Amino acid sequence: MSRRHDVVVIGAGGSQAQAMLVGASRGADLSSWLAVDRLWRPGAEAATRALGLDTATLDVLDKPGPLRELLSRARLVVNLAGPYYRTGAVVLDAAIESGTDYLDICDDADVTIPMLDRTAAAERAGVRALIGMGSSPGTTNVLIRAAVDALGEAGDVDISWTVDIGDMTDAAVRHFWHCFTLVAPDGSVTPVAGWGEMDRRIVEFPGTVGRQEVLRLAHPEPITVPRFLPVARSSNFGAITPADALLIAWGLAYSVDPGRPDGVHDLPATTDAAVQVFSRYRDSRPPAPRIGSGLQIDVHTDGDGLRFSSGADTEMAEATGVPAAAGTLLLLEGLTPEAGVFAPELLRPVDFFTALRRVSRGGGGLELHRLRGGQRAERVRIRDLVAGQLDPVGAR
């Protein structure tokens, strides 16, 4: 069957999708790509056309027929329309039915297991579906894979991150509230905990981010890392900076949580109203210096292993969109598992970082150190790790 489009990008008008398209344009010809959105933002459609793409309007949640028809004429669909607890399975199912490869940046833990459970259907259809190919999850997973490849195995993977309030778009707010409802690796769900009951830790991030308190939050990595790699346990802790933003986000998430006996039941309307409250707070708070985003990943057994860390002013849209562009190139070029639904842990790190260099502006500021007794030790080169040339023990 001939395919009219190499790639269909859904949700193409969003900020992360726009960053993905700009990144992809550095490494590929986009003239055979189609950009689709439910409602185009002013200027976004013009910017997309300037990159050489055709554009169209479609609500993927409205009717399944038009979506399946569109995907039947594409080699690959890139789903950048969240929240994924609403759109992920819908678009993935349409892709499998259409025999179309699939990629997304799904960061919602509760839909991760149902999407992975579609792997048998994807294998029968010969479809390759790469989920969670953003920053976290996404780049984090590939870094963990590289570390585990060097170490052989790991008892624990501990992920901590922060996001600047300036990056908290309304869509990001909806996702972040979802993270307060914890999801265990077996899929069981825990309602939003009280503020004093939250599992928390202090992390010292590099650069302008510095010392921050982070909370245990739901994310795909604790589900996918032990599933695809020889790792016993994985945890995820995150925060919005500054601290008042985190507290307000938790308060609103707690107040609309339908999982509590006294929780709301008209969730869409209540959530819409809560988003407006947070947005008003975000836009009216006194001006303050941008803190930026922080990341720390410890891959270790009893405190000995490797630590990735960064603290940078990179905007979340670019940090998420550019890895998605790299993953798109890998799917188009056949540098992924043959078929099934899989997370970024199954990508070869050398392939991913080669593609990332093609679509990235460069920079980033990520550091890698040995970890001894839970403390950061000497710095080592990431390029040696990715190339498989890092001594797993190193000098002591």
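The values are calculated or read from the model by the stated rules, or taken from the named source; none is laboratory data. Computed from a predicted model, the values in this text were never measured in an experiment. Every residue, glycine as well, gets a Cβ built from its backbone with ideal geometry; the counts of neighbours run over all protein chains shown. Side chains are part of the model used for accessible areas, which takes the heavy atoms of the whole protein and leaves out ligands, DNA and RNA. Shrake-Rupley method; radii C 1.70, N 1.55, O 1.52, S 1.80 Å.
Just a few scattered comments:
- Matching entry among GLY362, GLY334, GLY373 (being at pLDDT below 95, of a type outside the set (Phe, Trp, Tyr) and at positive phi): GLY362
- When we screen ARG201, ARG128 for residues that are open to solvent by 10 Å² or more (accessible area, probe 1.4 Å) and touching a helix residue (DSSP H, G or I) at 6+ places or on another chain (Cβ under 7 Å), the only hit is ARG128.
- Pairs, first at negative phi and surrounded by fewer than 24 Cβ atoms within 10 Å (Cβ to Cβ) in region 12-24, second assigned to a helix (DSSP H, G or I) and among the charged types (D, E, K, R), C-beta under 7 Å, six or more apart: ALA19/GLU318
- A count restricted to region 143-159 and to residues that are in a strand (DSSP E or B) and buried (at least 24 other Cβ atoms within 10 Å of the Cβ) stands at 3.
- Restricted to strands (runs of 3 or more DSSP E) entirely inside region 48-142, those with at least 1 residues that are among the acidic types (Asp, Glu) are 54-57, 101-104.
- Meets criteria (more than 30 Å from ARG280 (Cβ to Cβ) and not in a loop (DSSP other than H, G, I, E, B)) for ARG174: no
- Candidate set from region 330-348 (those that are open to solvent by 10 Å² or more (accessible area, probe 1.4 Å) and either part of a helix (DSSP H, G or I) or among the small types (Gly, Ala, Ser) (or both)); member that is farthest from TYR102 (Cα to Cα): LEU346
- Verdict on ASP108 being farther than 19 Å from GLY327 by Cβ and either buried (at least 16 other Cβ atoms within 10 Å of the Cβ) or not polar (S, T, N, Q) (or both): no
- Here ASP351 passes the criteria (1) open to solvent by less than 40 Å² (accessible area, probe 1.4 Å); (2) closer than 16 Å to PHE308 by Cα; (3) out of contact with any strand residue (DSSP E or B) (no Cβ under 6 Å at 6 or more places or on another chain); (4) not hydrophobic (A, V, I, L, M, F, W, C) except the one numbered (2).
- When ARG358 is tested against the conditions (1) over 29 Å from ASP164 (Cα atoms); (2) touching a residue at least 24 places away in the same chain (Cβ under 8 Å), the lone failure is (1).
- Residue in region 31-49 that is crowded, with 20+ Cβ neighbours inside 10 Å, polar (S, T, N, Q) and free of Cβ contacts under 8 Å to residues at least 60 places away in the same chain present: yes
- Residue within region 306-329 that is within 30 Å of GLU123 (Cα to Cα), in a strand (DSSP E or B) and touching a residue at least 12 places away in the same chain (Cβ under 8 Å) present: no
- Answer residue from region 207-256, given it is in contact with a Leu (Cβ under 9 Å, 6 or more places away or on another chain) and part of a helix (DSSP H, G or I) and is surrounded by the fewest Cβ atoms within 10 Å (Cβ to Cβ) among those: ARG227
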